[in-house]
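Here is the structure we will look at, set down as structure tokens.
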Amino acid sequence: MRKLYVIGIGAGDPDQVTVQAVKAMRRAEVFYVIGKGEAKRELVEVRTAILAEHMDREYRVVEIADPPRERTVADGQYREVVRDWHERRAALLGEAFAEHDGVGAILVWGDPSLYDSTLRMIERVDARTPLDYEVIPGVTSAQALAARHRIVLHEIGEPVHITTGRRLREEGLRPGVPTVVMLDGETSFTGVPGDDVHIWWGAYLGMPDEELIEGPLRAVESRILQRRNELREAKGWIMDIYLLRRGVG
């Protein structure tokens with residue numbers, strides 16, 4: 001492959017794709033997609049819709065089956081399990097890249113720099129067979145969440161903490177630090193103590209099924225849980241994110 005673009009495409013709305021991303025997409029001849037199975041077929045379809053919206057030339061889409069990964073592991077084994085998964089993904093990508101002599105691209109949800117494994121896999125491929133690749137930034141789900149709720153993520157001069165549901169369960173909510181939580185399949189906000197925590201929650205941001213709920217955590221957590229379960233049952237998957245801030249209201 002002569003060139004590979006790793007392109008951030010935002011949270012799902014074709015209008016969130018930047019001009020720089022569109023220019024990179026239009027240079028590509030083939031797009032690589034790691035499929036998540038039939039239950040998450042819609043994730044592939046959203047990428048296809050983004051290509052249909054912005055492409056002005058013929059192109060191919062190569063779908064690669066995502067290798068299975070153990071989801072229930074002890075905390076001490078988590079990193080090793082994920083590293084092994086990345087290695088197997090990288091091997092599949094490397095095989096697919098070797099079959100094309102031209103310009104390729106991978107479309108990445110949000111931005112490739114934030115809680116996404118694509119660049120780690122590309123680094124592994126590059127270590128075996130050198131690649132000329134370029135990264136195009138995208139709108140993150142954290143930015144989309146703030147925009148849809150019409151808020152600033154932090155107060156004046158405050159830091160903001162971005163973490164995962166697993167780390168929130170392990171470490172709790174940091175005092176005085178607004179916290180954006182991603183990758184939380186366990187609804188870890190229910191374990192945050194106190195009556196002074198506010199939550200801004202969003203699911204399927206930028207997509208037709210987008211859902212937003214905001215309010216004092218103790219007042220709205222049951223509503224979020226119910227709606228989240230309904231959406232997951234209806235679609236077979238869910239992609240959500242939320243901001244927690246203590247001392248609001």
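The values are calculated or read from the model by the stated rules, or taken from the named source; none is laboratory data. Keep in mind the model is a prediction, meaning the values are calculated, not measured. Heads up, the Cβs are rebuilt from the backbone with ideal geometry, glycines too, and the neighbour counts pull from every protein chain shown. Please note that ligands, DNA and RNA were not included when accessible areas were found on the heavy atoms of the full protein model with its side chains. Shrake-Rupley method; radii C 1.70, N 1.55, O 1.52, S 1.80 Å.
Which of the peptides 238-246, 77-85 is most tightly packed, and how do the rest follow, judged by the mean count of other Cβ atoms within 10 Å per residue?
Peptide ranking by packing, descending: 238-246, 77-85.
E29's amide H: which non-local residues (gap 5+, or another chain) put their own amide H closer than 5 Å, with H modeled 1.01 Å from N in plane and none for Pro or chain starts?
V103, G104
In nm, what is the difference between 0.36 nm times the number of residues separating Q77 and I156 and their Cα-Cα distance?
My answer for the length gained is 24.5 nm.
Would you calculate a helix-derived [θ] at 222 nm for the chain, using -39,500 (n - 2.57) for each DSSP H run of n ≥ 4 and dividing by the full residue count, to the nearest 500?
Value at 222 nm, helices only: -11000 deg cm²/dmol.
For segment 1-63 and segment 150-191, what is the separation of their C-alpha centers, rounded to whole Å?
30
For a distance above 25 Å, tell me the whole-number percent of Cα pairs in segment 127-232 that qualify.
Cα-Cα pairs in segment 127-232 separated by more than 25 Å: 26 percent.
Over the chain, with a Gaussian network built from C-alpha contacts below 10 Å, which listed residue (E45, E134, E171) shows the highest mean-square fluctuation?
Highest fluctuation among the options: E171.
Taking one equal scatterer on every alpha-carbon of the chain, how large is log10 of I(q)/I(0) by Debye at q = 0.10, 0.14 1/Å?
-0.53, -1.01
For segment 77-128, what does the alpha-carbon gyration tensor say about shape, rounded, prolate or oblate, given a ≥ b ≥ c as the root eigenvalues, a/c under 1.5 as rounded, and a/b over b/c as prolate?
Since a/c reaches 1.5 but b/c is at least a/b, the shape of segment 77-128 is classed as oblate.
If the cut-off is a Cα-Cα distance under 12 Å, which aspartates and glutamates reach K23, setting aside same-chain residues fewer than 8 apart in sequence?
Straight-distance partners of K23: D56.
Do any chymotrypsin sites (Phe, Trp or Tyr not before Pro) in segment 187-232 lie in a DSSP loop with no more than 14 other beta carbon atoms within 10 Å, and if so, which? Write out the running numbers ahead of the final one.
Working: sites: F189, W200, W201, Y204; in loops: Y204.
Loop-located and lightly packed - none at all.
Just read off the accessible area of L119 with the full protein assembly in place, 1.4 Å probe, to the nearest 10 Å².
Surface open to solvent at L119 totals about 40 Å².
May I ask which residue of G35, Q16, A52 lies farthest towards the positive end of the charge dipole of segment 5-58, with charges of +1 (Lys, Arg) and -1 (Asp, Glu) on Cβ and the Cα centre as origin?
Sorting the options by dipole projection puts first G35.
In whole percent, what relative contact order does segment 1-142 give with Cα contacts below 8 Å and a gap of six or more residues?
Averaging sequence separation for qualifying contacts and normalising by length gives 47 percent for segment 1-142.
Quick one: compute a quarter of the convex hull surface over the Cα atoms of segment 1-119 and quote it in nm².
Taking the Cα atoms of segment 1-119, their convex hull projects to 7.7 nm² on average.
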